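Working notes, structure below.
The values are calculated or read from the model by the stated rules, or taken from the named source; none is laboratory data. Note that the coordinates shown come from a computational prediction; the quantities given were computed from them, not determined experimentally. Counting neighbours? That spans all protein chains shown, and the Cβs are built from the backbone with ideal geometry, glycine included.
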Amino acid sequence: MPAIASAFVSACRPARVCLLSCVLVAGCMPSLNWREVVPEGAHARLHLPCKPELHQRPASTQQPEMGLAQCEAAGLSFSLSWAQVPEPRMVSPALQAMRQALRGKLRPSAGAAALQAVSIQGLTPRAEHGWETLAGAHQSVRVAYVSRGLRVYQLTQMGARDDPAAFQQLMESLQLLD
């Protein structure tokens, strides 16, 4: 090999190694960076793919204590919302109201289907527990409704596209605590 060509190859080698390293690192970086989150007041632990904003409203004589942990990543919104109802007899109506409220806002193209079964650590068994996929105008939503004691929860993934694997990971990570 001529000396000039050898010098050129030697000079370019670090640049090629750097470029190849950048490509490999970028290929290994996930678009969703999952981390454990314990939202204050939620009595729950879960993994979210982004740092959530936390919003809380204290209980009043008219409204129960409510909270929301929400973040956005990879074009999707992920959230856990919760409310504390005052009496056990109000848990089922609260879960039904959460489902109806979301359906009212989204106006899904399909009617209400049966909820799919959920297996979430710490939930209090109820017929109203489950998850569903809703499709609205330019929006796909996967949502689960669960409860533990007097707390009701809504776990949501929403966006222009559907990501079943991300929602599965979100649901599997949720733990309801005392």
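Entry remark, the stretch 51-73: residues being more than 19 Å from TYR153 (Cβ to Cβ) and at pLDDT 85 or above number 3 in total. Kindly check whether there is at least one residue in the stretch 62-74 that is in contact (Cβ under 8 Å) with a residue 40 or more places away in the chain, loosely packed, with under 15 Cβ neighbours inside 10 Å, small (Gly, Ala, Ser) and farther than 22 Å from GLU40 by Cα. There is no residue in the stretch 62-74 that is in contact (Cβ under 8 Å) with a residue 40 or more places away in the chain, loosely packed, with under 15 Cβ neighbours inside 10 Å, small (Gly, Ala, Ser) and farther than 22 Å from GLU40 by Cα.
Of all residues in the stretch 82-97, those that are buried (at least 19 other Cβ atoms within 10 Å of the Cβ) and assigned to a strand (DSSP E or B) total 2.
Where the second residue is in a helix (DSSP H, G or I) and the first is in the same structural domain as SER147 (by TED's automatic domain parsing) and lies in the stretch 84-105, which pairs have Cβ atoms under 8 Å and are six or more apart or on separate chains? As it stands, the answer is VAL85/VAL91; VAL85/ALA94, since those pairs meet every condition given. Name the residue, out of LEU102, LEU95, LEU76, that is under 23 Å from GLN169 (Cα atoms), touching a His at 6+ places or on another chain (Cβ under 9 Å) and not charged (D, E, K, R). Going through LEU102, LEU95, LEU76 in turn, the sole match is LEU95.
From the list GLU36, GLU87, pick out the single residue that is acidic (Asp, Glu), modelled with pLDDT of 90 or more and within 24 Å of ARG126 (Cβ to Cβ).
GLU87
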